[in-house]
Amino acid sequence: MKLKKTVLLGAIIAGLLGSSLASANEEQFIGLPSYRVGPYAAGGSGLFGGWIDYMQLVNERDGGVNGVKLSWEECETEYNNARGVECYERLKKKGSTGNSVFQPVSTGITYSVLEKVAQDKIPMVTIGYGRTDAADGRVFPWVFPMITTYWSQASAIVNYMGQKEGGMDKLKGKKIGLLYHDSAYGKESHAIMDKLAAKHGFEVIKIAVAHPGNEQQSQWLQIRQAKPDYVVLWGWGVMNPTAIKAAAKTGFPREKLIGVWWSGAEEDTIPAGPAAKGFVAAGFNVAGANYPVIADIKKHVYGKNKGNMEDKTRVGSVYYNRGVVHGIITVEAIRKAQEKYGKGKALTGEQVRWGFENLNLDDARLKALGATGFLPPLKITCADHEGPGKVKFQQWDGNQWKVITDWVDSDRPLVRGMIEESAAAYAKEKGIKPRDCSKES
Amino acid sequence: MLYREAGQFKATYAEDSQIFPIRQDRIGFWVLMLVFGVAVPLLTNEYWLKAILIPVLIFSLAAIGLNILTGYAGQLSLGSAAFMAVGAFAAYNFILRIEGMPFLVALVLAGVTAALVGILFGLPSLRIKGFYLAVATLAAQFFIVWALVKFPWFSNNSSSGVVTAQDVTILGYTFSTPEAKYVLTFLIVAFMALLAKNMVRSSTGRAWMAVRDMDVAAQVIGFRLMRTKLLAFAVSSFYCGVAGALYAYTYIGTVEPEGFNLDLSFKILFMIIIGGVGSIMGSFLGAAFIVLLPIFLDNFVPMIFGDALGAGFVSNFQLIVFGGLIIFFLIVEPHGLARLWQIAKEKLRLWPFPH
């Protein structure tokens with residue numbers, strides 16, 4: 001009994017002091033601020049599951065990145081800013097070289113640690129959320145809102161509508177409803193939609209839905225009266241299936257209801273039942289298990305019973321695949337950084353940051369990774385921390401998501417102009433002198 | 001044996017009415033102040049300061065605020081987080097819009113702004129009581145967060161509604177290191193806690209307690225209900241407002257209205273319930289308990305179960321344990337941790353020879 005107590009006490013102390021039992025081999029530590037409880041748990045468990053599975057795949061199949069095994073530790077944030085900051089501080093010194101990258105998967109936590117990451121020299125990657133103007137890498141060297149931002153997405157959605165109508169000029173005089181989550185996240189769409197409306201001559205009807213959004217009678221009455229040609233669903237959580245069901249009830253065609261990437265997962269459509277059939281959503285990653293990378297995960301990770309997902313049917317779902325995208329980008333940045341700072345070595349956050357900034361996932365590389373068409377080709381530069389800004393559109397056929405377009409571009413000059421304007425204002429407010437990118441190597 | 005007051009005579013009124021009448025308590029208090037004011041910032045690391053000690057202090061301050069209103073004046077409130085939001089955004093706007101605004105003045109003004117808003121939402125307390133009042137303050141919670149999102153002026157037209165706190169500079173010194181921020185927070189919280197302690201011991205506090213125990217009787221013996229209740233709302237909101245400003249400036253660094261949602265209000269309410277309703281010290285104990293326990297469980301639970309169970313289960317299990325412990329504490333000691341401390345003190349006075 002006494003021995004048991006001593007052992008237990010020892011274990012507690014060891015745990016509190018952090019994982020002091022680090023192995024002698026080179027290991028690259030990645031801290032995962034995950035959330036598996038609370039209102040966002042459905043997304044969090046899928047995303048972090050996919051991410052962990054991909055890192056497990058790299059360890060199992062390739063023996064790590066050039067022999068450097070990946071190690072990770074989860075820290076539960078509950079999607080709460082204060083807990084997220086605690087996790088950030090807890091994880092940042094772990095591993096032999098500290099945390100190599102912080103990806104909070106929460107806009108609130110992103111803002112909370114935005115200035116801390118620059119001080120601690122840890123890159124922060126925010127894929128499809130976070131602070132949009134951080135895409136200007138001259139002002140935000142440590143933040144990477146990769147693949148695409150909310151503004152690019154809004155622009156890509158309008159471009160998709162243009163394609164459907166047979167030309168951007170056909171959008172003139174059209175009415176587009178914007179059904180948004182009444183929060184900072186939802187309001188992120190306003191400025192860009194107003195600009196696009198002015199440019200293409202359509203009218204935007206903004207309709208707010210109060211959190212959580214499980215009651216949308218009056219909003220859909222408004223939509224019925226205004227008769228918009230399209231409705232953009234900028235929603236989250238229970239608001240999405242409710243909107244889809246309300247659209248069905250009001251007789252609004254689901255093909256004209258277009259969701260953003262936080263509105264377009266299985267978790268949004270399955271609860272809506274048959275009403276969701278035909279619903280279209282944007283995504284910077286696609287759903288589906290018929291990609292070589294997912295097949296490899298099934299073979300090497302689930303085959304050895306090391307998978308992270310409790311519900312294996314979710315492998316290949318939208319959120320799971322989004323986690324795999326997080327994994328691919330993290331691992332490839334580490335690989336890139338090793339080319340410069342030494343293969344087979346564990347790297348510091350500062351070195352990994354260089355890897356992110358020089359990341360180039362072209363078609364050939366994506367093919368080698370078994371992820372062609374899984375995410376868009378991605379090239380990051382010193383000035384541009386966003387990359388392609390492209391999305392694919394998927395349609396729910398009643399059972400699963402079907403990809404219906406190729407990668408749809410956003411209006412790059414317009415979006416980039418807004419990003420630079422906003423970043424310059426931030427730099428002025430904070431007294432930051434933007435980097436000169438011609439001097440970066 | 002050591003904790004005995006024999007031989008300590010009170011010869012003056014001042015000695016009789018001091019906060020810690022027993023000498024050992026006074027020594028203990030100063031030791032505690034030295035430990036947390038001097039030793040802790042010198043000895044602990046960044047993680048402890050930034051992630052644990054600063055939030056515990058700030059939430060203690062918010063809990064004191066709610067305790068004044070709920071514990072002393074007996075008015076149940078579910079809007080504490082919203083008053084914190086008022087304080088945070090008010091401090092941001094005062095510093096942003098008034099050139100050369102000193103930080104401490106901005107902090108006081110933030111508190112005053114929160115107090116004014118608090119008085120406004122405290123008006124219904126003159127007519128309604130108990131759970132009905134709780135629902136009225138719930139309106140404050142939703143209205144204030146909604147207003148901060150709705151009107152972009154509050155966040156200086158930030159597209160996402162998130163504001164970044166400016167640097168904290170007092171007399172030309174910028175508080176940028178975690179140690180400096182901790183000491184600043186510590187001093188402010190200690191000062192305000194002392195103020196609160198004295199307030200509740202004075203006629204103001206007695207008026208609150210009289211209203212809490214029976215407001216008709218209090219009115220009959222001459223307390224003006226409106227003044228007393230609204231003063232409680234004002235002081236409580238002032239404390240919450242300052243806590244909110246500190247939350248923005250010395251802790252998180254950025255604030256968004258959604259950060260101050262109903263969950264946070266409930267959390268502060270749990271702090272005073274666990275710590276002890278109607279006790280300044282209980283506010284500190286409760287805040288420490290509510291902030292530290294989840295972090296402790298997050299470290300502790302995975303260690304026991306390791307990888308044997310899924311990560312999702314571990315996260316959910318923490319919540320179950322957290323809830324279970326709260327119920328356990330409330331059954332064992334319904335008056336909170338502060339009462340446990342009091343019992344321990346009483347036992348200690350007799351130790352080692354109890355009757």
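Some points to look at:
- Residue count for the stretch A:99-118 under the criterion of being more than 8 Å from chain B (Cβ to nearest Cβ), open to solvent by 10 Å² or more (accessible area, probe 1.4 Å) and farther than 22 Å from A:I380 by Cα: the result is 0.
- A:Y341 satisfies every condition listed in (1) crowded, with 24+ Cβ neighbours inside 10 Å; (2) touching a Leu at 6+ places or on another chain (Cβ under 6 Å); (3) not small (G, A, S) except (1).
- Residue identified as more than 21 Å from B:A190 (Cβ to Cβ) and within 14 Å of chain A (Cβ to nearest Cβ) among B:E15, B:E46: B:E46
- Residues of the stretch B:119-156 satisfying the condition of being outside any helix (DSSP H, G or I), of a type outside the set (F, W, Y) and either open to solvent by less than 50 Å² (accessible area, probe 1.4 Å) or over 18 Å from B:A248 (Cα atoms) (or both): B:R127, B:I128, B:K129
- Residue within the stretch A:420-441 that is within 25 Å of A:W261 (Cα to Cα), in contact (Cβ under 8 Å) with a residue 12 or more places away in the chain, open to solvent by less than 60 Å² (accessible area, probe 1.4 Å) and part of a loop (DSSP other than H, G, I, E, B) present: no
- The one condition from (1) in a loop (DSSP other than H, G, I, E, B); (2) within 14 Å of another protein chain (Cβ to nearest Cβ); (3) closer than 21 Å to B:K267 by Cα that B:Q75 does not meet is (2).
- Any hit, the stretch B:227-238, residues being of a type in the set (A, V, I, L, M, F, W, C) and open to solvent by 30 Å² or more (accessible area, probe 1.4 Å): yes
Residues are listed down the side, and each one gets a yes or a no for (1) under 12 Å from the mean Cα position of the chain (by Cα); (2) surrounded by 19 or more Cβ atoms within 10 Å (Cβ to Cβ); (3) part of a helix (DSSP H, G or I); (4) more than 9 Å from chain A (Cβ to nearest Cβ):
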{"residue": "B:L246", "(1), (2), (3), (4)": "yes, yes, yes, yes"}
{"residue": "B:L269", "(1), (2), (3), (4)": "yes, yes, yes, yes"}
{"residue": "B:G282", "(1), (2), (3), (4)": "yes, yes, yes, yes"}
{"residue": "B:L285", "(1), (2), (3), (4)": "yes, yes, yes, yes"}
{"residue": "B:L292", "(1), (2), (3), (4)": "no, no, yes, yes"}
{"residue": "B:D298", "(1), (2), (3), (4)": "no, yes, yes, no"}
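- Candidates B:A82, B:A51 - the one that is surrounded by 12 or more Cβ atoms within 10 Å (Cβ to Cβ) and in contact with a Lys or Arg (Cβ under 8 Å, 6 or more places away or on another chain): B:A51
- Note on the stretch A:206-238: among residues that are in contact with a Ser or Thr (Cβ under 8 Å, 6 or more places away or on another chain) and open to solvent by less than 20 Å² (accessible area, probe 1.4 Å), the one that is nearest to A:G162 (Cα to Cα) is A:V232.
- In summary, B:V314 fulfils each of the numbered conditions (1) surrounded by 15 or more Cβ atoms within 10 Å (Cβ to Cβ); (2) under 27 Å from the mean Cα position of the chain (by Cα); (3) without any contact (Cβ under 8 Å) to a residue 60 or more places away in the chain with the single exception of condition (2).
- Residue satisfying all of: in the stretch A:288-309; open to solvent by less than 30 Å² (accessible area, probe 1.4 Å) and in contact with a Phe, Trp or Tyr (Cβ under 8 Å, 6 or more places away or on another chain); nearest to A:G50 (Cα to Cα) among these: A:M309
- Some residue of the stretch B:157-169 being in a helix (DSSP H, G or I) and either surrounded by 14 or more Cβ atoms within 10 Å (Cβ to Cβ) or not aliphatic (A, V, I, L, M) (or both): no
- Test result for A:E76, open to solvent by less than 10 Å² (accessible area, probe 1.4 Å), modelled with pLDDT of 90 or more, within 11 Å of chain B (Cβ to nearest Cβ) and on the phi < 0 side of the Ramachandran plot: no
The values are calculated or read from the model by the stated rules, or taken from the named source; none is laboratory data. Remember, it's a predicted structure, so these values are computed and weren't measured experimentally. For neighbour counting, all protein chains shown are included, and Cβ atoms are generated from backbone atoms with ideal geometry for every residue, glycine included. Keep in mind that these areas ignore ligands, DNA and RNA; they rest on the heavy atoms of the full protein, side chains included. Shrake-Rupley method; radii C 1.70, N 1.55, O 1.52, S 1.80 Å.
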